[in-house]
Amino acid sequence: MARIVQKFGGTSVADLDRIRNAAGRVKRAVDAGDQVAVVVSAMSGETNRLVDLVRAASPLHDAREYDAVVASGEQVTAGLMAIILQEMGVQARSFLGWQIPLHTDGLHGRARIMDVEGGLLMERLEQGQVAVIAGFQGVSPENRITTLGRGGSDTTAVALAAAIKADRCEIYTDVDGVYTTDPRIVPKARKINRITYEEMLELASQGAKVLQTRSVEMAMNHNVPVMVLSSFEDKPGTLVAHEEVGENADMENEVVTGIAYDKNEAKITLVNVADQPGIAASIFGPLSEAEINVDMIVQNVSPDGETTNMTFTVTEADFDRAVAMLEGRKDELQYQQILADRNVVKISVVGVGMRSHAGVAQRMFSALAERSVNIQVISTSEIKVSVLISEDYLELALRALHTAYGLDATESLEA
Ligand code: ADP
Ligand code: ASP
Ligand code: MG
């Protein structure tokens with residue numbers, strides 16, 4: 001007997017038949033004697049529809065009301081899941097964020113979880129009930145509904161698992177695990193049986209949307225084992241956990257574990273800014289004060305010793321604000337012009353093996369050079385190398401890199 005959290009994503013609850021299928025999995029666990037808390041997403045496409053409605057109502061809408069609208073998709077699926085479970089003879093009750101309660105800060109649209117009260121849920125579970133929780137939502141210190149950022153139901157699930165001291169958190173989705181890269185773009189992508197929190201965190205934060213970044217962070221901090229599984233097929237899935245040490249350690253330890261991409265980047269270049277001390281601070285200081293996150297940065301060498309070009313990336317969502325802000329400060333920064341490019345993608349190779357192996361970045365650069373893909377910006381960290389390229393070459397580059405690092409399924413040991 002175990003206590004588990006089962007989370008079903010949008011495609012897994014897309015209509016009543018799929019909710020029935022998901023409920024069948026819940027029932028199986030209950031029949032096996034497990035205590036089960038279920039977290040549901042909105043039906044697939046529903047959150048996008050709600051976001052569009054809000055934007056159409058007013059482009060400069062109140063963020064608190066955005067959350068009131070956008071959180072509603074999960075209320076529907078939580079209620080439907082509870083009804084269908086009851087119909088199957090399983091005792092079930094739905095809960096919204098405020099009923100748990102799941103406390104967040106007041107940053108509407110991307111609130112952070114502060115505290116989850118597990119008492120009520122644990123009581124219900126011990127009485128043999130299934131608790132069905134609406135994902136993606138919480139309640140702010142002002143007692144208003146908040147949402148956790150897109151993909152946030154994963155984080156609800158892990159936070160609940162930590163709060164109710166669950167043995168594991170199962171994430172059911174439309175792929176049967178975490179792959180070496182997005183299997184929808186690279187057909188030769190290979191399923192990873194076990195991945196460390198650290199690598200999963202890096203892959204998620206570099207764009208692999210199979211798990212929301214914060215959910216991985218939370219799982220790592222609270223030692224929650226996470227299984228990523230298909231809701232449609234009975235297959236083993238991927239375990240996200242701490243690194244295995246000792247005799248059981250994984251032998252296939254590749255230098256590169258996976259490759260992620262992020263289309264949500266936009267590039268800004270300030271042409272001919274003064275090459276003098278303090279220039280970076282005067283560009284990036286105000287951006288950070290306006291809560292605009294700058295990701296990759298490159299400052300070109302200055303041919304004349306007086307001016308230089310500064311190139312950096314921000315998210316698509318912050319792009320307009322960033323450009324407007326820089327245009328407003330043209331006199332102060334004294335650049336010649338702003339070049340902007342939204343048609344870029346960041347590709348990142350990730351692996352803990354990079355700590356002990358040289359040449360990982362070089363292999364990336366040559367694989368891209370062989371295909372004449374131009375690298376616009378590079379950034380590295382201890383277990384990751386990222387490049388920014390034109391979005392037109394996303395598929396070509398991803399497949400080439402996947403092959404170059406020996407990740408293709410046909411080359412795997414299991415094949
Ligand atoms: P859900 O609605 O269940 O939360 P998501 O759409 O958020 O599902 O995440 C699953 C999707 O993540 C997959 O359909 C896949 O296209 C994408 N994905 C991106 N990178 C990876 C990866 N490395 N492994 C598996 N899936 C990935
Ligand atoms: N429904 C929300 C979204 O689409 C949360 C989630 O599915 O995880 O972003
Ligand atoms: Mg998701």
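The values are calculated or read from the model by the stated rules, or taken from the named source; none is laboratory data. What you see is a predicted model, and the numbers here were worked out from it, not measured in a lab. Every residue, glycine as well, gets a Cβ built from its backbone with ideal geometry; the counts of neighbours run over all protein chains shown. The protein model used for the area step is the full one, side chains on, heavy atoms only, and it has no ligands, DNA or RNA in it. Shrake-Rupley method; radii C 1.70, N 1.55, O 1.52, S 1.80 Å.
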remark   = The helices (runs of 4 or more DSSP H) lying entirely within the stretch 34-99 that contain at least 3 residues which are within 16 Å of ligand 1 (Cβ to nearest atom) and either open to solvent by 50 Å² or more (accessible area, probe 1.4 Å) or within 19 Å of GLY10 (Cα to Cα) (or both) are 46-57, 72-87
remark   = Counting only strands (runs of 3 or more DSSP E) wholly inside the stretch 143-254, the ones holding at least 2 residues that are of a type in the set (A, V, I, L, M) and within 21 Å of VAL36 (Cβ to Cβ) are 226-230, 238-241
task = Quick one: which residue in VAL5, VAL26, VAL13 is in contact (Cβ under 8 Å) with a residue 12 or more places away in the chain, away from ligand 3 (no atom under 16 Å from the Cβ) and among the aliphatic types (A, V, I, L, M)?
result = VAL26
key: Those residues of the stretch 346-378 which are closer than 30 Å to VAL245 by Cβ and outside any helix (DSSP H, G or I), in sequence order   = SER348, VAL349, VAL350, GLY351, SER356, HIS357, ALA358, GLY359
Single residue of the stretch 196-245 satisfying the filter (charged (D, E, K, R) and away from ligand 3 (no atom under 16 Å from the Cβ)) that is least open to solvent (accessible area, probe 1.4 Å) = GLU199
request  = State yes or no: is VAL51 more than 12 Å from ligand 3 (Cβ to nearest atom), more than 24 Å from the chain's Cα centre (by Cα) and of a type in the set (Val, Ile, Thr)?
outcome  = no
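Inspect the stretch 11-18 for any residue being open to solvent by 10 Å² or more (accessible area, probe 1.4 Å), of a type outside the set (D, E, K, R) and over 22 Å from the mean Cα position of the chain (by Cα) and give the result as yes or no.
yes
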request  = Please indicate, with yes or no, whether at least one residue in the stretch 175-182 is within 16 Å of ligand 2 (Cβ to nearest atom), at pLDDT 95 or above, within 8 Å of the chain's Cα centre (by Cα) and farther than 17 Å from VAL352 by Cβ.
outcome  = no
inquiry  = Condition first: in contact with an Asp or Glu (Cβ under 6 Å, 6 or more places away or on another chain) and part of a helix (DSSP H, G or I). Now tell me which residues in the stretch 379-401 satisfy that.
reply    = none
key: Residue, least open to solvent (accessible area, probe 1.4 Å), within the stretch 288-308, restricted to residues that are hydroxyl-bearing (Ser, Thr, Tyr) and part of a strand (DSSP E or B)   = THR308
